Each structure stands twice: as C-alpha cells, then as structure tokens.
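What follows is one structure encoded as structure tokens, with my remarks underneath.
The values are calculated or read from the model by the stated rules, or taken from the named source; none is laboratory data. These numbers come from a predicted model, not from an experiment. Note that we place each Cβ from the backbone using ideal geometry, even for glycine, and neighbour counts take in every protein chain shown. Quick note on the areas: whole protein, heavy atoms, side chains included, nothing else; ligands and nucleic acids left out. Shrake-Rupley method; radii C 1.70, N 1.55, O 1.52, S 1.80 Å.
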Amino acid sequence: MLATVHDLLAGGGAEIRSTSMMLCYHACMTTGGIEYFPQPDDWTDGLLHELGYRRYAVSVFDHWLTEEEWELNPFIAFERARAAGFEAVYREQCCQFRAFYQWLFKEGVFRLTGLRTRRQVVWHDRWDRRLKKAVTAMVSDQRWGAEFYAPAEHLRVISGDVRTDTLLLEDNADEKALENVANKFGLNFIR
C-alpha cells in the first residue's frame, strides 16, 4: 500500500502547511519509508527469505560472471568499454537499464539517500528530474550501492557492478512479469 503524503512527511517530523508543500512532496526527505530498506549484517539467502525477499538479478549478461569472465569483459566499466572500442554498446546498455527502471518506477518509488549513519528516504511519485538523475548515475556506474523500493511492483533494487543489479522480490511480486519486462528492454533476469 502506498503511503499518504502525511505518512511520508510524518516520518521526518514535517507537517503539510500549504498546498505548494503538498504539491512538492515527491522530493521531500524523510525517514518515513525507511522500513523498506532493512540493512542486515549478512545478506545470505536464508536471512533475505526471513525478511520476505527472494534474490534475483537483472543484467546485460545471461548468467553470473566468473572472475575470469569479469577480467576479460569489456563492458564492466565505461573506461574499459571505451578503451576496447565498445563505448556505443556500453551507452546502449545504460539506456536499456534506464528504460527498464523508468518502467518499474512509473507508479512511484522510494529512494534511499544519505550516509549509513543518517539514512533518509525520498518518495518520487513519478519519473521526475531527480529520479532520472539518480537512476542515470546508477546505470552508468557513477554511483554504486543505490537502493530503490517500488511498492507497486513489490520490488527492492540494489545497484551492483558488472552490469548487473540485484532485485529483491517480495513474496507477492510477480516474478514472471518482471522477467518479461527485463526481456522487453533487452536485459536478462537471472535466477
């Protein structure tokens, strides 16, 4: 269930004082929604299952890379792709990821921000400039460790490396539908 404006702002101790403040709530920092981002000490599948998650990934690759594959692959980082003559392919992969996330976040998304000691959450009710900037930084590997929670899709996203992001699906998430969406944008859904 999506939080109301009051619920989102209440977590940060703020109150809605004007219509203009209500209209810009999608960019307000708050601690409301932080419960969607538990930070366990151990990210084992057993503990994730206890938290109500199933771990998957979305990637340009169709499998988890071995260390040897990682060392040889030109798409791991922009600098490596450019040096190997694959800059255009790397940028196209970024576009695929961005389109995938734009589709997933179309009904709103929580974005975790801040330092580990002072975490805050931003609610984006639509694909706005700030969300596009955050997702673009994530998919182009300018920011590692970005986290999002899409309540409508029952999905938490944690950016990774190796052109692969972690997807934590809640029990009521539609795994097959998410796989179809990933494939629609030219990405692979890894189990």
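Placing +1 on the Cβ of every Lys and Arg and -1 on the Cβ of every Asp and Glu, with nothing else charged, gives the range 45-188 a dipole about its Cα centre of roughly 920 debye. Expected output is a single nm value to one decimal: the length gained when fully extending between Asp171 and Glu87, i.e. 0.36 nm times separation in residues minus the C-alpha distance. What is it? Using 0.36 nm per residue and subtracting the Cα-Cα distance, I get 26.4 nm.
What are the residues whose amide H is under 5 Å from the amide H of Leu187, where those residues sit 5 or more places off or on another chain and H is modelled from the backbone? Under 5 Å from the amide H of Leu187: no residue qualifies.
Per atom type, the range 89-191 shows carbon and sulfur on 47% of its accessible surface, probed at 1.4 Å.
Could you calculate the FRET efficiency of Trp43 with Glu79 from 1/(1 + (r/R0)^6), where r is the beta carbon distance between them and R0 is 22 Å, rounded to 0.05? The calculated FRET efficiency here is 0.20.
Per residue, the range 62-191 exposes 52 Å² of accessible surface when a 1.4 Å probe is rolled over the protein heavy atoms with every protein chain present.
With the largest listed first and rounded to whole Å, the semi-axes of the equivalent ellipsoid of the range 79-169 from the Cα gyration tensor are 24, 15, 12. Applying the Karplus relation 6.51 cos²θ - 1.76 cosθ + 1.60 with θ = phi - 60° to the range 84-97 yields 3J(HN,Hα) values of 8, x, 10, 4, 5, 5, 4, 5, 5, 4, 4, 5, 4, 4 Hz, where x marks Gly and Pro. Between the range 113-191 and the range 57-94, what is the C-alpha centre distance in whole Å? Answer, in whole Å: 19.
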